[in-house]
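Each remark here refers to the structure printed beneath this line.
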Amino acid sequence: MAFKNFLVAGLFLAVLSGCGQEGTTDLHSAEVKALDEQLLPNNNWQLSRATIELSFCRNRINEALLASEAELRGWRLSGESTAFPPHRSEGINALSKLFKQTDVLLWQAEGNVSAQRYHLVKPAKASKGEVVDAVFPAVVSLSAIDEVCHAAVDDSEY
């Protein structure tokens with residue numbers, strides 16, 4: 001009987017510790033998903049003027065993030081998560097993994113089958129210089145990730 005109670009307690013702890021690890025990932029996913037669904041900049045968040053072009057090594061992720069600027073604006077204006085296509089969640093999960101690995105928050109401006117364009121997201125209270133200065137280090141961090149095949153800065157809007 002004692003062994004059975006020990007086994008049940010061990011399984012219970014394993015389940016709890018597994019849930020705790022998922023909670024961290026879910027927090028990143030939830031934040032990235034919430035930002036993705038907003039029209040930015042707003043009172044809480046600001047965007048870099050320069051865009052970061054990013055391509056994942058898996059075409060499936062690039063396709064999951066496929067969206068024109070007009071489509072993204074339309075989905076975001078609706079204010080409903082259901083407005084986004086169901087396959088987009090795979091792309092958002094990939095972005096949340098990048099956020100977890102690099103602490104770089106990205107907001108998608110557009111995307112085609114081979115690459116997407118993002119703005120770097122910072123809290124509204126961050127200085128403009130802090131946002132500008134963060135773009136190039138963000139690209140260096142993103143370039144070091146195995147899942148990313150291409151990362152570059154389009155600074156034509158600086």
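The values are calculated or read from the model by the stated rules, or taken from the named source; none is laboratory data. Worth saying up front: this structure is predicted, and the values here are computed from it rather than measured. Reconstructed Cβ throughout: ideal geometry from the backbone, glycine too, with neighbour counts over all protein chains shown. Please note that ligands, DNA and RNA were not included when accessible areas were found on the heavy atoms of the full protein model with its side chains. Shrake-Rupley method; radii C 1.70, N 1.55, O 1.52, S 1.80 Å.
When we screen Leu72, Leu47, Leu16, Leu11 for residues that are outside any strand (DSSP E or B) and either on the phi > 0 side of the Ramachandran plot or modelled with pLDDT of 50 or more (or both), the only hit is Leu72. For region 100-133, a residue qualifies if it is farther than 15 Å from Ser55 by Cα and within 16 Å of the chain's Cα centre (by Cα), and the qualifying residues are Lys100, Gln101, Thr102, Asp103, Val104, Leu105, Leu120, Val121, Lys122, Pro123. Among the numbered criteria (1) more than 24 Å from Ala124 (Cα to Cα); (2) at pLDDT 95 or above, which single criterion is violated by Arg58? Among (1) more than 24 Å from Ala124 (Cα to Cα); (2) at pLDDT 95 or above, Arg58 violates only (2).
The single condition from (1) open to solvent by 80 Å² or more (accessible area, probe 1.4 Å); (2) modelled with pLDDT under 95 that Val140 fails is (2). Residues in region 98-105: is at least one open to solvent by 40 Å² or more (accessible area, probe 1.4 Å) and within 18 Å of Glu69 (Cα to Cα)? No: region 98-105 contains no residue that is open to solvent by 40 Å² or more (accessible area, probe 1.4 Å) and within 18 Å of Glu69 (Cα to Cα). Evaluation of Ala115 against the conditions (1) without any contact (Cβ under 8 Å) to a residue 40 or more places away in the chain; (2) open to solvent by less than 60 Å² (accessible area, probe 1.4 Å); (3) more than 22 Å from Pro41 (Cα to Cα) shows that the sole unmet condition is (1). Just one of the listed residues (Asn93, Asn42) is within 13 Å of the chain's Cα centre (by Cα), open to solvent by 40 Å² or more (accessible area, probe 1.4 Å) and within 24 Å of Leu27 (Cβ to Cβ), and it is Asn93.
Of the listed requirements (1) open to solvent by less than 60 Å² (accessible area, probe 1.4 Å); (2) of a type outside the set (A, V, I, L, M); (3) at pLDDT 95 or above; (4) more than 13 Å from the chain's Cα centre (by Cα), Glu53 misses just one: (1).
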